[in-house]
1. Which pairs do you get when a residue that is under 22 Å from GLY33 (Cβ atoms) and open to solvent by 80 Å² or more (accessible area, probe 1.4 Å), found in region 69-90, comes within reach of a residue that is small (Gly, Ala, Ser) and at pLDDT 95 or above, reach meaning Cβ atoms under 9 angstrom, with the pair 6+ apart or on two chains?
2. Tell me, yes or no, whether region 31-46 has at least one residue that is modelled with pLDDT under 60 and either in contact with a Phe, Trp or Tyr (Cβ under 7 Å, 6 or more places away or on another chain) or surrounded by 12 or more Cβ atoms within 10 Å (Cβ to Cβ) (or both).
3. Mind listing whichever residues of region 76-114 are among the hydroxyl-bearing types (Ser, Thr, Tyr) and modelled with pLDDT under 95?
4. What do you reckon, is PHE65 in a strand (DSSP E or B), without any contact (Cβ under 8 Å) to a residue 60 or more places away in the chain and of a type in the set (A, V, I, L, M, F, W, C)?
5. What is the residue count in region 127-165 for residues that are open to solvent by 70 Å² or more (accessible area, probe 1.4 Å), modelled with pLDDT of 95 or more and farther than 23 Å from ARG31 by Cβ?
6. Counting only residues that are closer than 10 Å to GLY33 by Cβ and in contact with an Asp or Glu (Cβ under 8 Å, 6 or more places away or on another chain), how many does region 192-206 have?
7. Can you run down the residue pairs with Cβ atoms below 9 Å, 6 or more apart or on separate chains, where the first is in region 189-206 and aromatic (Phe, Trp, Tyr) and the partner is part of a loop (DSSP other than H, G, I, E, B) and open to solvent by 70 Å² or more (accessible area, probe 1.4 Å)?
8. What residue, among those in region 117-126 that are at pLDDT 90 or above and open to solvent by less than 70 Å² (accessible area, probe 1.4 Å), is nearest to TYR90 (Cα to Cα)?
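The values are calculated or read from the model by the stated rules, or taken from the named source; none is laboratory data. It should be emphasised that the depicted structure is a prediction, and the values quoted were computed from it without experimental measurement. Every residue, glycine among them, receives a Cβ derived from its backbone with ideal geometry; neighbour counts consider all protein chains shown. What goes into the accessible areas is simple: the full protein's heavy atoms, side chains included, and nothing from ligands, DNA or RNA. Shrake-Rupley method; radii C 1.70, N 1.55, O 1.52, S 1.80 Å.
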Amino acid sequence: MSNHYNNHMKKLLFSLSLCMLLSATAMAQIRVGLKAGAMLSNTVVIDADSLPGSDAKISYLVGGFLNIPINSKFSVQPELLYANKGGKDYNRHYINLPIMLQYKLIDKLKVEVGPELGYLFRSYSEFSFDNNRSFDNKDLDVGINFGVSYDVLEKLNIGLRYNMGIIDTHDFNQARFGLGSSDYIYPDFNVQNRTLQLSVGWKLGK
């Protein structure tokens, strides 16, 4: 009975050791990195011919990422980014959480797609009508990302990504525009963010 117990314990210890080894190997493959870049940002108005979107502006993003390999072809890359979205006349400061599924087409070249969740923590408008224009911004933004990534060096990569917002980011039904002695209330248009991003990523560690 003692031998049976010892054999059972040996098998259990071997299984635990194997699991710990596999977990350590998987963790060792996770890469942490930093990224920053420039982007072309604007907004579009959906289903509203009479109200144009904003003019595009050149803006920026900065943050970090985790790259988690699934197998030799696929990996998942969650990111945490600060980005200044909006158009030429106003700034919309977001904390964004993209989660990208990456596929290696050829050596060093990946294509990627994934959702992005954004939280608006500050906005600033540089235009007005009679210095009395205001509207409500929604805190939440949801979008879809499409892009490519190329490993220039072992630790250095460049990425090109298009971010397409899919939900309304403004409450125009509550927007009042002071026009002389009267106010005009806009109907509720669907305003969405759009950005084209060019970034550089640097993987930390060995």
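1. LEU80/GLY63; LEU80/GLY64
2. No, there is no match, as no residue in region 31-46 is modelled with pLDDT under 60 and either in contact with a Phe, Trp or Tyr (Cβ under 7 Å, 6 or more places away or on another chain) or surrounded by 12 or more Cβ atoms within 10 Å (Cβ to Cβ) (or both).
3. Hit for region 76-114 is TYR90, nothing else.
4. It is false that PHE65 is in a strand (DSSP E or B), without any contact (Cβ under 8 Å) to a residue 60 or more places away in the chain and of a type in the set (A, V, I, L, M, F, W, C).
5. 1
6. 1
7. PHE189/ASP47
8. Result: LEU120.
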